[in-house]
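A.B. asks: Encoded as structure tokens, here's the structure I'll be asking about.
The values are calculated or read from the model by the stated rules, or taken from the named source; none is laboratory data. Because the structure is a prediction, the values reported are computed rather than measured. Virtual Cβ from ideal backbone geometry, glycine too; neighbours counted across all protein chains shown.
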Amino acid sequence: MKKLWLLAMLIAPLAFAGPKVRLETNHGNIVVELASKQAPQTVKNFLRYVADGSYDGSLFHRVIQDFVVQGGGYNQQFQQLPTFDPVINESRGGLPNKRGSIAMARTQSVDSATRQFYFNLVDNNNLNASGAAGYTVFGQVVQGMDVLDKLAQVQTGYSSILRANDVPTSPIILKKVVLLAETAADKKVDKKAGK
């Protein structure tokens, strides 16, 4: 049993052997490694928004303690931001909605995800694909989980503009999202993984 656990721990980092992005917020930075193999279309979609800079200056508009921190869809005046076409749901890619993962928000329509994403603050197994499609996980926090935990503690309330509860009373601003350059250590891991 110990050997299986050790093997799982060695393989786990390779599951997210994709590009990394840094989300710079007014509460600190979060670095996420993206899962290009398990959710290729979702990662490509996310990186389109990163490349065009439209996440920059947007809000984390929904915070539910012991559940999620959600953002990317509204500017600081709570106006909905423009979107590209929806991306297909890739929730069956095998990545669970576990603590520290990043996933696409969507409506009840399975293939409706566009630009909004959320971070799981806890393991949210109810969001995984089961008989029906779940919510597509496309990365994992590798640095800054303490920042997310701080965000989970902010005061929230009702917003008449969004007609929603769980809206931070003081804005949580996503100042910038930066695609990070691949490091020598990343390349070494890639070679070991057979890339």
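A.B. asks: For segment 124-146, which positions are over 23 Å from residue 85 (Cα atoms) and within 14 Å of the chain's Cα centre (by Cα)?
C.D. replies: Result: 124, 140, 141, 142, 143, 144, 145.
A.B. asks: Of the residues that sit in segment 26-46 and are surrounded by fewer than 20 Cβ atoms within 10 Å (Cβ to Cβ) and under 11 Å from residue 139 (Cβ atoms), which one is modelled with the lowest pLDDT?
C.D. replies: 36
A.B. asks: Exactly one condition in (1) modelled with pLDDT of 95 or more; (2) over 20 Å from residue 127 (Cβ atoms); (3) of a type outside the set (D, E, K, R) is false for residue 8; which is it?
C.D. replies: (1)
A.B. asks: Here are some residues: 99, 115. Which one is at pLDDT 95 or above, basic (Lys, Arg), out of contact with any His (no Cβ under 8 Å at 6 or more places or on another chain) and farther than 16 Å from residue 64 by Cβ?
C.D. replies: Numbers: 99 fails: farther than 16 Å from residue 64 by Cβ.
Only one candidate qualifies: 115.
A.B. asks: Identify the residue in segment 71-91 that is closer than 13 Å to residue 175 by Cα and in a loop (DSSP other than H, G, I, E, B) and, among all such residues, is farthest from the chain's Cα centre (by Cα). Don't jump to the end; show me each part of the working.
C.D. replies: First, the residues of segment 71-91 that are closer than 13 Å to residue 175 by Cα: 71-72, 74-76.
Add one more test, that the residue is in a loop (DSSP other than H, G, I, E, B), and what stays is 72, 75-76.
Working: 72: 10, 75: 18, 76: 20 Å.
Checking each candidate, the answer is 76.
A.B. asks: Here are the criteria: (1) assigned to a loop (DSSP other than H, G, I, E, B); (2) modelled with pLDDT of 95 or more; (3) under 28 Å from residue 51 (Cβ atoms). Tell me which single one residue 141 does not satisfy.
C.D. replies: (1)
A.B. asks: So residue 70 clears everything in (1) under 18 Å from residue 177 (Cβ atoms); (2) free of Cβ contacts under 8 Å to residues at least 60 places away in the same chain; (3) in contact with a helix residue (DSSP H, G or I) (Cβ under 7 Å, 6 or more places away or on another chain) except one condition, right? Which one?
C.D. replies: With (1) under 18 Å from residue 177 (Cβ atoms); (2) free of Cβ contacts under 8 Å to residues at least 60 places away in the same chain; (3) in contact with a helix residue (DSSP H, G or I) (Cβ under 7 Å, 6 or more places away or on another chain) applied to residue 70, the lone miss is (3).
A.B. asks: Go through 150, 188, 175 for me and flag whichever is surrounded by 11 or more Cβ atoms within 10 Å (Cβ to Cβ), on the phi < 0 side of the Ramachandran plot and either assigned to a helix (DSSP H, G or I) or at pLDDT below 95 (or both). It would help to see each step written out before you state the result.
C.D. replies: Working: 188 fails: surrounded by 11 or more Cβ atoms within 10 Å (Cβ to Cβ); 175 fails: either assigned to a helix (DSSP H, G or I) or at pLDDT below 95 (or both).
That would be 150, the only listed residue that is surrounded by 11 or more Cβ atoms within 10 Å (Cβ to Cβ), on the phi < 0 side of the Ramachandran plot and either assigned to a helix (DSSP H, G or I) or at pLDDT below 95 (or both).
A.B. asks: Tell me which of these residue 111 doesn't satisfy, since it passes every other one: (1) free of Cβ contacts under 8 Å to residues at least 60 places away in the same chain; (2) among the acidic types (Asp, Glu); (3) over 23 Å from residue 36 (Cα atoms).
C.D. replies: Residue 111 satisfies every listed condition except (3).
A.B. asks: Sticking with this one: Got at least one residue in segment 60-67 being within 16 Å of residue 30 (Cβ to Cβ) and either assigned to a loop (DSSP other than H, G, I, E, B) or over 16 Å from the mean Cα position of the chain (by Cα) (or both)?
C.D. replies: Within segment 60-67 (the criterion being within 16 Å of residue 30 (Cβ to Cβ) and either assigned to a loop (DSSP other than H, G, I, E, B) or over 16 Å from the mean Cα position of the chain (by Cα) (or both)), the answer is no, since none of the residues qualifies.
A.B. asks: Have a look at 95, 23 and point out the one that is in a loop (DSSP other than H, G, I, E, B) and buried (at least 22 other Cβ atoms within 10 Å of the Cβ). If you could, list the steps in order and put the result at the bottom.
C.D. replies: Values: 23 fails: in a loop (DSSP other than H, G, I, E, B).
That would be 95, the only listed residue that is in a loop (DSSP other than H, G, I, E, B) and buried (at least 22 other Cβ atoms within 10 Å of the Cβ).
A.B. asks: Confirm whether residue 136 is crowded, with 23+ Cβ neighbours inside 10 Å, β-branched (Val, Ile, Thr) and either at pLDDT 95 or above or touching a Pro at 6+ places or on another chain (Cβ under 8 Å) (or both). Please lay out each step first, then the result.
C.D. replies: On the way: crowded, with 23+ Cβ neighbours inside 10 Å: yes; β-branched (Val, Ile, Thr): yes; either at pLDDT 95 or above or touching a Pro at 6+ places or on another chain (Cβ under 8 Å) (or both): yes.
Yes: the conditions hold for residue 136.
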